[in-house]
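In what follows, a single structure is set out as structure tokens and then discussed.
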Amino acid sequence: MRVGRGLSPKVLVLLLLVVGVAAANNRAPEFELTDQYGTAQSYRFPTPKVNVLIFGDRKGSGQIEAWVRPLYDRYQDRINIKGIAALSSVPSFARGMVTKIFKSQVKYPVLLDWTGNVTKSYRYEEGKANVFVVSPNGEILLRINGAASQAGLEQVITQVNKFVR
């Protein structure tokens, strides 16, 4: 017996498995990291709000504020914005100094990824800000890498507006 347009049940099951794997690959990895103040923060699904995750290393950190400021000014506490610092290249003896720099220069919490496990799980592109819009159920809706632009911000806003009124 054939299903649909000539697909056998085995082929249909295989197709559904492939589609399921592809959908699973669009899921945001869950994680727990500590910020510069020593507070552990978990990122698990579902979340009550839409999420904007912004990753940056030393080189890409200069691009982050141009993403964060307009999004925060527009949405404030109606969305969840998290910054994640890619710090796996920092030697362990320098971690205390780097943490003090974050405390003195950045007043909002930044999650510190010393091992690089979280940045790797999100396939972080080095040297650029990496912006992810993640739905409350954990689906990655959008990924943009690099400096903020009007077109890029509009793409982020379009995705965020699906969940914010």
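Some points to look at:
- Solvent exposure of segment 45-84 as accessible area per residue, Å², 1.4 Å probe: 52 Å²
- Extension gain, Phe93-Glu30: 0.36 nm per intervening residue step, less the Cα-Cα distance, totals 19.9 nm.
- Based on Cα contacts under 8 Å between residues 6+ apart, segment 92-165 shows a relative contact order of 18 percent.
- Square roots of 5 times each gyration tensor eigenvalue, C-alpha, segment 50-152, largest first, Å: 22, 15, 13
- Among beta bridges identified by DSSP and lying wholly in segment 54-165, the antiparallel ones come to about 50 percent.
- Positive-end extreme of charge dipole, segment 69-165 - chosen from Phe163, Ser104, Thr115 (charges on Cβ): Ser104
- Ranked packing of 51-59, 70-78, most packed first, by mean Cβ within 10 Å: 51-59, 70-78
The values are calculated or read from the model by the stated rules, or taken from the named source; none is laboratory data. Note that the structure is a prediction, hence the values are computed from the model and not measured. Please note: Cβ atoms are built from the backbone with ideal geometry, for glycine as well, and neighbour counts cover all protein chains shown. Side chains are part of the model used for accessible areas, which takes the heavy atoms of the whole protein and leaves out ligands, DNA and RNA. Shrake-Rupley method; radii C 1.70, N 1.55, O 1.52, S 1.80 Å.
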